[in-house]
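Written out below as structure tokens is the structure these notes cover.
Laboratory data are not the source of any read-out in this text; all were calculated from the coordinates shown. These figures come from a predicted structure and were not determined experimentally. Quick reminder, even Gly has a Cβ in these numbers, built from the backbone with ideal geometry, and neighbours come from all protein chains shown.
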Amino acid sequence: MTAVDVVVVVDSVDDIVAARQAGRELAGRLGFSLTDITLIATAISEVARNIVQHAKCGEIILTPIRNGNRQGISLVARDEGPGIADVTLALQYGYSTRKGLGVGLPGAKWLMDEFDIDSKVGKGTTVTMKKWLG
Ligand SMILES: Nc1ncnc2c1ncn2[C@@H]1O[C@H](COP(=O)(O)OP(=O)(O)OP(=O)(O)O)[C@@H](O)[C@H]1O
Ligand SMILES: [Mg+2]
């Protein structure tokens, strides 16, 4: 398989579905179990929804990755929205600035093997997540 990135531009609710679907397809091709495919799709949904709700537009980049014999998938959600002032707070269950449940980011972190947020107020947010096979 060629390691081509899949890029999904996200600026509407429909794009959340498209990003989720692209994630299901790539994870399936990489050999993830149906359970893992669903977890990956759910994590993509949450970061895509955050782009639409908090930043208006951005993109999701899905990439096959490898570490020695281990294969995996990398999900990057990137936007140039308002940024997150306190990332530690944003990762707490129940924290939301828009009266949401505040479970999107902590939920996505819990579903994936690796999770990182790089955010600057006024500049934007990049969430990087990885899940490994096996
Ligand atoms: N891409 C983003 N740009 C700016 N702020 C963000 C972004 N993603 C998350 N945030 C901030 O982090 C907070 C927590 O995000 P999280 O997804 O956990 O909860 P939520 O989106 O408010 O509610 P929900 O449970 O519906 O997802 C948000 O309320 C928002 O303030
Ligand atoms: Mg959210």
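A few notes on this one:
- Environment charge of I61, counting only residues whose C-beta is closer than 9 Å and scoring Lys/Arg +1, Asp/Glu -1: -1
- Here the convex hull built on the C-alpha positions of segment 1-65 has a volume of 68 cubic angstrom per residue.
- In units of the rule-of-thumb radius 2.2 N^0.38 Å, segment 1-118 shows an alpha carbon radius of gyration of 1.04.
- Spatial separation of Cα centroids for segment 1-47 and segment 59-76, in angstrom: 11 Å
- Taking 37 °C and 0.692 mPa s as conditions, segment 68-126 diffuses translationally at an estimated 260 µm²/s according to Stokes-Einstein applied to its Kirkwood radius (Cα pairs).
- For the pair S12 and L34, label points projected 7 Å from Cα toward Cβ lie 3.2 nm apart.
- For the chain, relative contact order (Cα pairs under 8 Å, six or more residues apart, normalised by length) works out to 25 percent.
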